[in-house]
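S.K.: Following this message is one structure expressed as structure tokens.
The values are calculated or read from the model by the stated rules, or taken from the named source; none is laboratory data. Please read all numbers here as calculations on a predicted model, not as lab measurements. Positions of Cβ are backbone-derived with ideal geometry, glycine not excepted, and every protein chain shown enters the neighbour counts. Side chains included, ligands, DNA and RNA excluded: accessible areas come from the protein's heavy atoms. Shrake-Rupley method; radii C 1.70, N 1.55, O 1.52, S 1.80 Å.
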Amino acid sequence: LSPPVDVEETAEGFVFRADLPGMSEKDVKVSLVGDTLTLRGERKRETEKKSGNVHRTERVFGAFERTFTLPAPVRGDQVKASYRNGVLEVRVPKAEEARVREIEVQVS
């Protein structure tokens, strides 16, 4: 199981969005150590007994771990993670020294 993840970089930081349908937020863990962000979790198999025969099983169950190296210094104390409608969103703000600054060109 390796969920798809979109990674977006903005002027303020990085945004990670992972599709985790059918998972509970308590089955998902997010950690940041230095410049490495890790998303891990486990999709558990439904234990409901079915009275009929199963003809096909395509959904994947089990543990996953995705690791991303951030290309700029970040504010680890301000990371925010939210989970809604099966999508995990993690916002990692850049450190002040990594933000792009616009410098006005003076005409003389």
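S.K.: Out of all the residues in region 74-86, which are surrounded by 14 or more Cβ atoms within 10 Å (Cβ to Cβ) and either under 14 Å from the mean Cα position of the chain (by Cα) or assigned to a loop (DSSP other than H, G, I, E, B) (or both)?
M.R.: Keep residues of region 74-86 that are surrounded by 14 or more Cβ atoms within 10 Å (Cβ to Cβ), which gives 74-76, 79, 81, 83.
Scanning region 74-86 gives ARG75, VAL79, ALA81, TYR83.
S.K.: Then there's this: Within region 1-22, work out how many residues are over 16 Å from ARG91 (Cβ atoms), modelled with pLDDT of 90 or more and open to solvent by 70 Å² or more (accessible area, probe 1.4 Å).
M.R.: Keep residues of region 1-22 that are over 16 Å from ARG91 (Cβ atoms), which gives 1-4, 19-22.
Next cut, modelled with pLDDT of 90 or more only: 3-4, 19-20.
Applying the additional criterion that residues be open to solvent by 70 Å² or more (accessible area, probe 1.4 Å) yields 4, 19.
So the count comes out to 2.
S.K.: Hey, another quick one. Among the residues of region 35-52 satisfying the criterion of being modelled with pLDDT under 90 and exposed (fewer than 12 other Cβ atoms within 10 Å of the Cβ), which is nearest to the chain's Cα centre (by Cα)?
M.R.: Looking at the filtered set, the residue picked out is ARG45.
S.K.: Hey, another quick one. What pairs can you find where one residue is in region 28-48 and free of Cβ contacts under 8 Å to residues at least 12 places away in the same chain, the other is open to solvent by less than 70 Å² (accessible area, probe 1.4 Å), and their Cβ atoms are less than 7 Å apart, with a gap of 6+ or different chains?
M.R.: SER31/THR38
S.K.: What's the number of the only condition in (1) in contact (Cβ under 8 Å) with a residue 12 or more places away in the chain; (2) over 10 Å from LEU88 (Cβ atoms); (3) open to solvent by 80 Å² or more (accessible area, probe 1.4 Å) that GLU25 fails to meet?
M.R.: Result: GLU25 passes all but (2).
S.K.: Here is a further query. Count, please, the residues in region 7-16 that happen to be out of contact with any Pro (no Cβ under 9 Å at 6 or more places or on another chain) and either over 18 Å from GLN78 (Cβ atoms) or not polar (S, T, N, Q) (or both). Working first, answer last.
M.R.: Initial filter on region 7-16 (out of contact with any Pro (no Cβ under 9 Å at 6 or more places or on another chain)): 7-8, 10-11, 15-16.
Filter again for either over 18 Å from GLN78 (Cβ atoms) or not polar (S, T, N, Q) (or both), leaving 7-8, 11, 15-16.
Total satisfying the criteria: 5.
S.K.: HIS55 fails exactly one of the following numbered conditions: (1) at pLDDT 90 or above; (2) open to solvent by 60 Å² or more (accessible area, probe 1.4 Å). What is the number of that condition?
M.R.: That leaves (1) as the condition not met.
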